Amino acid sequence: MSATRSTDGSRIRLGVSLRNLNPSQLAYYVTRNLNTAARLDMVDDCIIFFDQVSPAPFKTLFSTLNGSELWDFDGTLITTDISTTLSSQKAVNAARTFFYVWDLEWRRQNGSENYDDNIKAFTDENIELIARSKSHATAISNFCNRKVKHVVDDFNIEQLMRIISNE
């Protein structure tokens, strides 16, 4: 399988922004699926950007960089929580951004404390929303009054690449 191409015909550089790579379902699925993308030459380049240093759940076949390096990334970026989405909005790069909503974090008690900041991550029209499940898509739409265009279970890389390349 050759690298997926974007709508303009160029090969895709894929970055994923995580808070950290601590053992979690999210870190596991992201790492496993990016390893698959790298191994099968589905992308030109894969990078995980992290905010907090921690070891990856297992060996990676791609780069991991501190989130401070995001300013220079010009590929397709997938953010994974409110914090990484808000950080990506401040970056002055040319990255095309998707917000893969892994967790409904605003529903927890401490997540509801800063509604104004939280809602900014969901209402930016330049960032496309991807939900983890249909029930998450409904909850997201109810929270921010914005339609979620895509549902992708467990960071499925084949589905994500179709979304990225067909947009």
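The values are calculated or read from the model by the stated rules, or taken from the named source; none is laboratory data. Computed from a prediction, not measured in an experiment: that's the story for all the values here. Here Cβ is always computed from backbone atoms with ideal geometry, including for glycine, and neighbour counts include all displayed protein chains.
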Inset, instruction - Sort out which residues of region 107-144 are at pLDDT 95 or above and loosely packed, with under 15 Cβ neighbours inside 10 Å, and write them in order of number. - result: T123, S133, K134, S135, T138, N142
Legend entry - Whichever residue in region 81-136 is among the aliphatic types (A, V, I, L, M) and over 11 Å from the mean Cα position of the chain (by Cα) and, among such residues, is nearest to R13 (Cα to Cα): A95
Inset, instruction - Can you work out which of the residues in region 6-21 that are outside any strand (DSSP E or B) and more than 17 Å from the chain's Cα centre (by Cα) is modelled with the highest pLDDT? - result: S10
Inset, instruction - Report yes if D117 is not aliphatic (A, V, I, L, M) and not in a helix (DSSP H, G or I), otherwise no. - result: no
Inset, instruction - Return the pairs, sorted by first residue and then second, in which the second residue is basic (K, R) and surrounded by 18 or more Cβ atoms within 10 Å (Cβ to Cβ), the first residue lies in region 126-145 and is on the phi < 0 side of the Ramachandran plot, the beta carbons are less than 6 Å apart, and the residues are 6+ apart or on different chains. - result: none
Legend entry - Pick from region 22-50, criterion β-branched (V, I, T) and in a helix (DSSP H, G or I), ranking: farthest from R162 (Cα to Cα): T31
Legend entry - Selection within region 53-111 - of a type outside the set (D, E), in contact (Cβ under 8 Å) with a residue 40 or more places away in the chain and in a loop (DSSP other than H, G, I, E, B): F73, G75, T80, A95, W102
Inset, instruction - Would you please list the contacts, defined by Cβ atoms under 9 Å and residues six or more apart or on different chains, that run from a residue in region 33-44 that is in contact (Cβ under 8 Å) with a residue 12 or more places away in the chain and closer than 13 Å to V16 by Cα to a residue that is among the aromatic types (F, W, Y) and surrounded by 23 or more Cβ atoms within 10 Å (Cβ to Cβ)? - result: N33/F155; L34/F155
Legend entry - Boolean, F62 is closer than 18 Å to E128 by Cα and buried (at least 18 other Cβ atoms within 10 Å of the Cβ): no
Inset, instruction - Determine which member of the set T80, T36 is surrounded by fewer than 18 Cβ atoms within 10 Å (Cβ to Cβ) and at pLDDT 95 or above. - result: T36
